[in-house]
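Nothing in this text is a laboratory measurement; each read-out follows from the coordinates by a stated rule. Values in this document were obtained by computation on a predicted structure and should not be read as measured data. Neighbour counts run over all protein chains shown; Cβ positions are idealised from the backbone, glycine included.
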C-alpha cells in the first residue's frame, strides 16, 4: 500500500499548480479556504504571505464578530482560522468563537468547534472554563457522536480543577453498552490519572472492571492506566502478573478477533504494552513474579519470526523485558542471539536499536559487546551521527582503566563535530566522569582542558567544581599530587599566553583558581608574571564579572613581592570603584591584603587544606543551651512543609502501604566499659522525622541533654557509611588477575590472519577498545566496583574527624535513651556482665532492620549479648527462653572479613521471633569469639505472600574504620500462620461472618480413596493448618494469622480436583494462603 | 506516551500538528522549527530515530510529507513507526490514495481521523475498519443534519 501512497505523493509538486488534477477535483475548489490556500501557494516571498494572511485574519475577525454570521459560516471561518494559526499567525480573537461553536452548533459544527478548541487552547488556558458546561451537556447527550466528541476533547485537555465536575459522568460511561464509548471513557480517565492522580484515586476498582471488560479494545485501553500505576508502585500489583501473562498468552496464540491483527501479527500494540507491564512487574523481582513470565516470553520470541518491522518491535520489547526481570539463563541466551540479529542487520533502524539494546545489557553481559566488537568499530565511523553517538554511549558503559584513553579520545572527537547542545552537555559530563574515575596526570589535565573548552559555559556546573575538588584534595601520594598540579599550572600558563579570550568563562575561572592556589609550585615562575597574565585577562572585554571576581581572588593569593604588589595596586584601584559590589569588595580585599603580608598569610595560608566542619559542631553548645531554654528542636524544611500541609488540610488519601512502618536500631558499644552498652529502639533509621513523631509518645526527651537536636542522631549513620565508602580495602586479588585478563583479550583478537590495511587498523582499534573486557571479568568491568590499578586513589577525607564525630554520637546516644530503652539497657547489663566481650570484636556495632514492603511490624522486644563460642550458639541455635519451640534452620545471611550474620526464626504463639546472631569471624585463632544475639518479634499487619526483612549492620573496628554490611531475609507468610482450633459449630458461625473470600481448584496429591485426607495432611504439616473435620468428600480446615485474624478453608473433592474456598475477615489473606497451598502441594 | 505528532512538507511547511502534552505556544513554535531543521537535514538512508532533548523522535517520509512523532524514553521506536504507517493507511483509505493536497485542503478531516486513531497520546483503535466506520458515521450524521436544516432555512426565507 505504501508504494501506492508514495507514488501518488511524489507527483505532488506538479499538482500544486494544476487544478484539473484528480487530487484536487474533490476539494471544494470554490471554497474560501481553497482560495486562501491557492493564494498562498502562488506567492513567492514570506512578506507577501504575511500581508495576505493579515488581510485574511482581518476579514475573519470582522465576520466572526458579526451577529448575522450563522453557525455554518462560523464553522467555515474556524477552519480558516485554524489554517492561519498552523502557518504561525496568531488568531486569538477566534478562540472564544470556537468555544461558542462547540456550544451552540449542530453535531457537525460542534465537531469543528471542538477541534478548533483543542488546537487553539491548552489545558491551562482560562477560556477553557467556559467549555466545561458544553462538555457536561454533551456527555449526557443521547447522540453517541456527541458523547464521543466530548470524551475526545476531555482527553485532549481539560482544566485539572474541573475534573470532579465531569468525573461521575465519565465513570458512568464505563458501563455504556457501546464499546467505543467505554474505550474512550477509559482513555479519558487515563488522562485524568496522568494530570491529577488523586482525583481518580477512589475509582481504582472501576479500572479493574475495565481491565476485565469483554471487549479487548477496552481492556487494552485500561492497560495504559495500569502501566502507569505499576510504574509508580510495582509491588502493589504483583498479583496481577498472572493475569497479564494469561492475556499475553491468548494474544500470542491468536485468540483475538482478526480486527486486531496488524499485517497478520495479532494485536502488536497490545503485546508490546503487556510486555512493558511485565517488565515493570518483574523488575528487581525475587524470582516469584518473573517465574510465571518465562514461558510466555519464550513463546513470544519463538512466534515473532516474520521479517517485518512489527515483529522486530515485539522482539525488541521482549528482549528488554527478559533483561529486566529476574534472569533465566536459556531465555537470556535467546535474547542475546536476538540482539545479535539486530546489531548485524543491514537495516539501519534495527542496527541502531541493536546498539541501544547492547548498551542496555552490556553491564550484565559484557561478552556480548566482545562478540560484536567489529560491528561496533564500524558503527563508530558511521556517517550517521545518531549511530555514532549511540556507539559512544555503549563504549562509555564498557570503559575500564585500560581502554579509557582510547574511548575518551573517540568521545572528544565526536564532541568537536557535534552541534547539538543537549548532546554536548551530556557527552561532556560523561568524559569528565571517566577522566575523574581514571585520572593519570597529564592525560587527565589535557582531557579536562578539552572538556572545559568544548563544553564551554553550557556544561553542568558540577564538572568544574569536582575537578577543583579533586585537584585540591589530591590522591594518595604527595609527590603525584604535586606533579599533577604542576602540570596544570604549566598548561594554564601557556594557555593564557596564547589566546585566552577564546576560552569559555568557566574555564577561565578554573584557570585562575588553579593559578592562585598552585603557581607557587613552579619555582622559576614569578608571581608577578602570573599576576600580569591575570591582569591582562581582566582587561579583556568578554570576561564576565563573575570571572573577574575569580581572577581578583586569585590575584589576592599571589600578590607577593614588590613587583606583584604594584600590579595588585594598579588593578585594585581600577576595580575599587566598580559598579559591581562583589568586584568592588574583592578589589578592596586585594588592596588591603597586598599591603599587609602578615595578615594575608593568616587569611590565605598557602597549601593548607581547608577544613569545613559541615556538621556545624561548633554550634553544639549554643544549640543545647537554646534547647535547654525551651527552644523547639530544628526541623528540616521538608518536614516543616509536610507538617504545615498536614495541619492545613485533612488528608483524604488512604494511608500509603509503602511507609516503612517501624525500624529499630540497636547499638552495642563496648569501647570503654560495659556500662556504655546501649540499645536505642523505636523508630529510627533513614527517616529521623519518624523518630521525632514517634518520640512524642514513647521517647521522653524533656530534660535530656541533646546534642544538636536530631541532626546529631542522624549523623550517627552518615559518617559510618561515608567512611566505609571512602576507605578502599586494598584487594590482593587485583593486579595479577587484571593483567591476566588483559593478556587474555589481547590473545583473543585474531592477529595472525593476514588482513588488508584498514581491516587491520580496525582490529587494532578493537583490541584497544575492548581490552580488559574478557568473558571472565563480568563483575569488575564497570565503574566503581572495579579495583582501579592506578597509583592515584582518592584519599580518605580526614579520618580523625569522622572518628570524633562517631564518638560524640555514641555519647549522645547513651544520654538520649528513653526510659523504655533504659529498661532494656538494664536487662542487657545483667546479661552482659556474664558476657566476655571479645577484645577484637567491633567496638561499636549497630544493627537496623526494616521491612521491604512495609506491611509488617518489627519490634525489638528482647536482646541478648552472649559471649560464647560460635559452635555453642550454632548448636544451641536459640537462646534459652525460646528453646523447645519449633525453629527454622539457621541461615547465614551475610558475612565479610570481620563478621558473620546468621538468622533463624522461631514460631512463637503470637509472633514470629527472629533471632539474628552476629559473630566475629575475623580473628580465627582467638577462641573467645564475640557473639551478639539479637531477637526481634515480627507480626504481620497486612498479609502478603512473602515478607522481606532488610537491614544493615554497621560497626566500628578498633582501629577506627567503620564498616557496614547489608542483609535481607525473606520469610514466607506460612511462618506466620498458626493452627486455629475450633469446633465444627464455631466454624459454621464464623464462616457466615467473613466477607473476603477466594475460590480455586487445587490438584489432589493422589487419586486414591484417601486422597482428601492425604492432601489435607500435607497442608496441615506444611502450613500448620488445623483440620477441623472431614466429612465424606468435604473437609474443613482453620488457621489464623494472629489471635484475631482467622482464615477458614472449605475443601471439596470434585472431578479429580480439590475445590478450595477460603474465607477470612482480613483482605488478601485468602489469596496469599491459596498461593502457599498451591506451592505446598506442588512441592510435595 | 506520544508527546506530539507533526506533519510537514519537504519545503518545511507545517501541515498538521497535534500536541498531547500541555506546551506553551512559543515553545511549540520553537520546537517545530528546530525539529524541521534537524529532520529535513537528514539523508534518506539514515536512521529514523533521533534523541532530541529528553524525547525520542521517530520520523518517516512518505513522498513529500514527513511524519514526525515525539515519544518518551520507555516507548518503542519501531512500533511508533507503525503508528505512523497505520495513520497513512487510514488517510489513504479515507481519501482514496491520499496525496499531500488532500491533507492540505481537508486538514480538518485528517485531524478527525487522527483523533479517532490516537487519543491522549496513546493508540485508541488499531483496526482500520472500525476507525473509518466511526469517521464515516460522524460524516453521515453531518449530512443528515444538514439537509433538513437547509429546508427549514429555505422555508424561513420563503
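Data table
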| quantity | calculated |
| --- | --- |
| Separation of the residue A:641 and residue A:588 label points, Cα + 7 Å toward Cβ, nm | 3.6 nm |
| Label-point gap, in nm, between residue A:1029 and residue A:501 - each point 7 angstrom along Cα→Cβ | 10.3 nm |
| Full-stretch length increase - residue A:604, residue A:333 - with 0.36 nm per residue and alpha-carbon distance subtracted | 91.4 nm |
| Where labels lie 7 Å past Cα in the beta-carbon direction, separation of residue A:59 and residue A:299 in nm | 6.3 nm |
| Between 0 and 90°, nearest 10: helix B:128-157 axis offset from chain B longest Cα axis | 40 degrees |
| Average beta carbon contacts from partner chains per residue of A:35-43, 10 Å cutoff | 1 |
| Averaged over B:50-60, number of beta-carbon atoms from partner chains that fall within 10 Å | 2 |
| Label zone at residue A:35 (point 7 Å along Cα-to-Cβ), backbone N below 16 Å, the range A:64-82 | A:64, A:73-74, A:76-81 |
| Modelled FRET efficiency - R0 56 Å, residue A:993 with residue A:52, Cβ distances, 0.05 increments | 0.10 |
| Fewest-first sequence of A:247, A:1031 by Cβ atoms within 10 Å of each Cβ | A:1031, A:247 |
| Helix-only [θ]222 nm of chain B, DSSP H runs n ≥ 4, -39500 (n - 2.57) each, per residue, nearest 500 | -17500 deg cm²/dmol |
| The range A:189-233 versus the range A:564-587: alpha-carbon centroid distance in Å | 65 Å |
| Which of A:438, A:592 has the fewest Cβ neighbours within 10 Å, and the rest in rising order | A:592, A:438 |
| For residues of A:260-266, the mean tally of beta carbons on other chains within 10 Å | 3 |
| Residues A:119, A:127 arranged by fewest to most Cβ contacts within 10 Å | A:127, A:119 |
| Residue A:570/residue A:469 FRET efficiency (R0 35 Å; Cβ-Cβ; nearest 0.05) | 0.60 |
| Spread of Cα-to-Cα distances over 5 Å intervals beginning at zero, given as percent, for the range A:397-599 | 1, 7, 16, 18, 19, 15, 11, 7, 4, 2, 0 |
| Estimated FRET transfer efficiency (residue A:437, residue A:161; beta-carbon r; R0 41 Å; 0.05) | 0.25 |
| Gain on full stretching of the segment that runs from residue A:374 to residue A:985 - 0.36 nm per residue minus C-alpha separation | 212.3 nm |
| Linear extension gain, residue A:409 paired with residue A:130, 0.36 nm per residue minus alpha-carbon span | 94.5 nm |
